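Notes to accompany the following structure.
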Amino acid sequence: MAKELPKDISIVFEKNKDSKTFPVTGAWGGINPDTLSLTVHLYNEYTSLPNSIKAEVNDEGKVDVNAGQRISRGDITREVQGTMVLSPEHALSLANWLTNKAREALEKKR
């Protein structure tokens, strides 16, 4: 006689001690060379901070940073907050979940 499968189960969510919440404004990545998985780098995008600035000092000894020279690394910084490696099946499942939740949120906004 075959063992009967349970009709329902309970699922517990545990947060890893290193788990962090972070803002995401975009993603970068693609299919891995093995074609069995995808890598997605989640980033937060913002105007780049300068590596340094050269400020002018007036005759009174006050520093005027606005009159100085900005030495920049680039116009925009994309700071990678975390990276996901997913199977194509998990990527589609996550995409569907995100789409559904985004639609729910937009409906509540109206």
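The values are calculated or read from the model by the stated rules, or taken from the named source; none is laboratory data. Worth saying up front: this structure is predicted, and the values here are computed from it rather than measured. Here Cβ is always computed from backbone atoms with ideal geometry, including for glycine, and neighbour counts include all displayed protein chains. To get the accessible areas, we keep the full protein, side chains included, count just its heavy atoms, and leave off ligands, DNA and RNA. Shrake-Rupley method; radii C 1.70, N 1.55, O 1.52, S 1.80 Å.
Relative to the Cα centre, the charge distribution of the chain, modelled as +1 at Lys and Arg Cβ and -1 at Asp and Glu Cβ, gives a dipole magnitude of about 400 debye. Each label point was placed 7 Å from the Cα along the Cα-to-Cβ direction; for Phe13 and Asn96 their separation is 2.0 nm. Calculation over all alpha carbon pairs of the chain in 5 angstrom steps from 0 returns a P(r) of 2, 8, 9, 11, 14, 12, 10, 8, 7, 6, 4, 3, 2, 1, 1, 1, 0, 0, 0, 0 percent.
By accessible area, using a 1.4 Å probe on protein heavy atoms only, the chain has 55% of its surface on carbon and sulfur. With everything on Cα atoms, drop me the angle between helix 88-109 and the longest principal axis of the chain, reported from 0 to 90° to the nearest 10. Orientation of helix 88-109: about 70 degrees from the principal axis. Here the extension length gained between Gln69 and Arg103 equals 7.6 nm, from 0.36 nm per residue of separation less the Cα-Cα distance. Provide the FRET efficiency to the nearest 0.05 for the Val24-Asn58 pair, computing r from the beta carbons and using R0 = 35 Å. For Val24 and Asn58, the calculated efficiency is 0.20.
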